[in-house]
Amino acid sequence: MRKYTHILLGAALLVFALAPVLIHRAPYESTMGLVQKIFYFHLPGALMMLFIALFAGVMSGIFLFTKKPWADHYALAAAEQVVLFGAMTLVTGPLWARKAWGVWWEWDARLTSSLLLWMIFIAYLLLRRFGGPGSDKLGAGMALFALANVPFIYVSVNYWRTLHPKTTVVPNLVPPMAGPMWWAFAGFVLMSLVLFALRVQQEEQRARVEALYLAANEG
Amino acid sequence: MTAFFRVAWLIFRKDLAVEARSWELVSTTVFFSVACLLVFSFALINEGQAVGDVAAGILWVAIAFSGTLALGRTFERERQTDTLRALMLAPADRPALYVGKLLGILFLMLLTEVILVPLVALFFQAPIVDWPLHLAALLLAGTLGYAAVGTLFAAMLVRARSRDVMLPILLYPITVPVIIAGVRGTAALFQETPDAALAQFWLALLVFFDVVFVTLALWTFEPVMTE
């Protein structure tokens, strides 16, 4: 585990070191100008948030029905990253919106569902932090509900808002822009894997210490 | 299958019998929901006129808030006397226990709404008698969705620390679709020229939400409640 982590960390650092160069070289978008560069953080961040949330939900389901501790460690480590990437998405989003729509926030389906997904995972972490014993199982139930909830949030907000249609900026991705975007995405994936490996390892050690304490108290 | 419904029915009757002796939940929940209604009215009524179509919003916020209170108290009662453990030990289907508790909460919340809805009509001149069936269906479907998620979460949290704080924290983000659909559907009925078709769309969404979340709750109740 540890050796792979070092290799991954090295690769992630390399990708991040090169990313600014690639982003700088990418062409300027005509209407957005320099602000368009946010896109190279925003979209990969949002993608990561979605994929990791999906992963956390699946892991929670596995934990709930099989009681395998590793699934819970994976779910917790993933949930923390959802909050991390969610924060990144939700900070860069309004910066983009200010330039594209003239407002910081818009009750658009995608924005609202991202915000709620982020909030649900914060609630999950709060539960894990302050819920006391047994909160791992409660958290798993919560994450499963969160997963089922996302389509409902999307449909309801979409319908609620499309009654008042608004034009949105759809980024036309030309190849010179797509390159740096996927490069940044690769960087995030590598970073995420490093964090994930470390966090899971930490959780495993915590579980082992807890088991030792229990054994010592009984003995 | 008949045993399943018999267990659910017995638990529902037990909750009613307990409640009929004290009236604790009914009286506190109804009072709290009316207090909510008033607080929002003071915040949103200006110069004797409500701002925009707030009636539907206020109604659903009062339902959601008082529902949280009722959920918390119902399970606090089971916790104090350790009767939830006794229920769990009973040789009965776990999902049947869930359905029984859900029916109790649903009954309580609907009872509150029977008082709340006429008050909204009174305070905000909301036309509740124009489309009574649509309105009743929206309230029933919305309350069922809210109570289905709420009952599961409140039951899960019985053993957790800081459960009073955790219930709204977990419940509100998950039930956002219920609130949006309930508020928009009710607002469509309350507007100057009621839009029944729009209300029906939201009703369909609520029914779909109910089906998915009741199924999911029945499915997860057993593993979540097993110690």
*asked:* Any residue that is more than 20 Å from A:Gln81 (Cα to Cα), modelled with pLDDT of 90 or more, part of a helix (DSSP H, G or I) and open to solvent by 60 Å² or more (accessible area, probe 1.4 Å) - is there at least one of those in segment A:202-209?
replied: yes
*How about segment A:132-145: which of its residues are of a type outside the set (Ser, Thr, Tyr), at the interface with another protein chain (Cβ under 7 Å from one of its Cβ atoms) and in contact with a Lys or Arg (Cβ under 6 Å, 6 or more places away or on another chain)?*
A:Gly132, A:Gly134
*Of the numbered conditions (1) of a type outside the set (Phe, Trp, Tyr); (2) open to solvent by less than 30 Å² (accessible area, probe 1.4 Å); (3) closer than 18 Å to A:Ile153 by Cα; (4) free of Cβ contacts under 8 Å to residues at least 12 places away in the same chain, B:Val211 fails exactly one; give the number of that condition.*
(2)
*Determine if segment B:140-148 includes at least one residue that is buried (at least 24 other Cβ atoms within 10 Å of the Cβ) and among the aromatic types (Phe, Trp, Tyr).*
yes
*Could you please tell me which pairs satisfy a Cβ distance under 9 Å, a separation of 6+ or placement on different chains, a first residue in segment A:198-212 that is among the polar types (S, T, N, Q), and a second residue that is not in a helix (DSSP H, G or I)?*
A:Gln201/A:Met1
*Going by the conditions given, is A:Lys99 out of contact with any Lys or Arg (no Cβ under 6 Å at 6 or more places or on another chain) and without any contact (Cβ under 8 Å) to a residue 40 or more places away in the chain?*
no
_If B:Asp82 satisfies all but one of (1) in contact with a Leu (Cβ under 9 Å, 6 or more places away or on another chain); (2) acidic (Asp, Glu); (3) at pLDDT below 95, what's the number of the condition it fails?_
(1)
*Which one is surrounded by the most Cβ atoms within 10 Å (Cβ to Cβ) among residues in segment A:80-129 that are over 24 Å from A:Ser156 (Cα atoms) and within 14 Å of chain B (Cβ to nearest Cβ)?*
A:Leu127
*Yes/no for B:Ala188 being open to solvent by 50 Å² or more (accessible area, probe 1.4 Å), more than 9 Å from every other protein chain (Cβ to nearest Cβ) and in a helix (DSSP H, G or I)*: no
*Looking at segment A:62-79, which of its residues are under 12 Å from A:Ala143 (Cα atoms) and surrounded by fewer than 20 Cβ atoms within 10 Å (Cβ to Cβ)?*
A:Ile62
*Going through segment B:156-184 one residue at a time, which ones are hydroxyl-bearing (Ser, Thr, Tyr) and closer than 23 Å to A:Gly57 by Cα?*
B:Tyr172, B:Thr175
_Any residue at all in segment B:162-177 that's within 9 Å of chain A (Cβ to nearest Cβ), closer than 21 Å to B:Leu138 by Cβ and in contact with a Lys or Arg (Cβ under 9 Å, 6 or more places away or on another chain)?_
no
_Based on this model, can you work out whether A:Ile7 counts as assigned to a helix (DSSP H, G or I), at pLDDT 80 or above and open to solvent by 80 Å² or more (accessible area, probe 1.4 Å)?_
yes
*Tell me, yes or no, whether segment B:73-92 has at least one residue that is touching a helix residue (DSSP H, G or I) at 6+ places or on another chain (Cβ under 8 Å), of a type in the set (A, V, I, L, M) and open to solvent by less than 10 Å² (accessible area, probe 1.4 Å).*
no
*Just name the residue that is surrounded by the fewest Cβ atoms within 10 Å (Cβ to Cβ) out of those in segment B:93-133 that are farther than 27 Å from B:Thr215 by Cβ and of a type in the set (Gly, Ala, Ser).*
B:Ala121
_Can you pull out every residue in segment B:191-209 that is in a helix (DSSP H, G or I) and away from chain A (no Cβ under 11 Å)?_
B:Ala196, B:Ala197, B:Ala199, B:Gln200, B:Leu203, B:Val207
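The values are calculated or read from the model by the stated rules, or taken from the named source; none is laboratory data. Worth saying up front: this structure is predicted, and the values here are computed from it rather than measured. Because the Cβ atoms are built from the backbone with ideal geometry, glycine has one as well, and the counts that use them run over all protein chains shown. Just the protein is used for accessible areas: all its heavy atoms, side chains included, with ligands, DNA and RNA removed. Shrake-Rupley method; radii C 1.70, N 1.55, O 1.52, S 1.80 Å.
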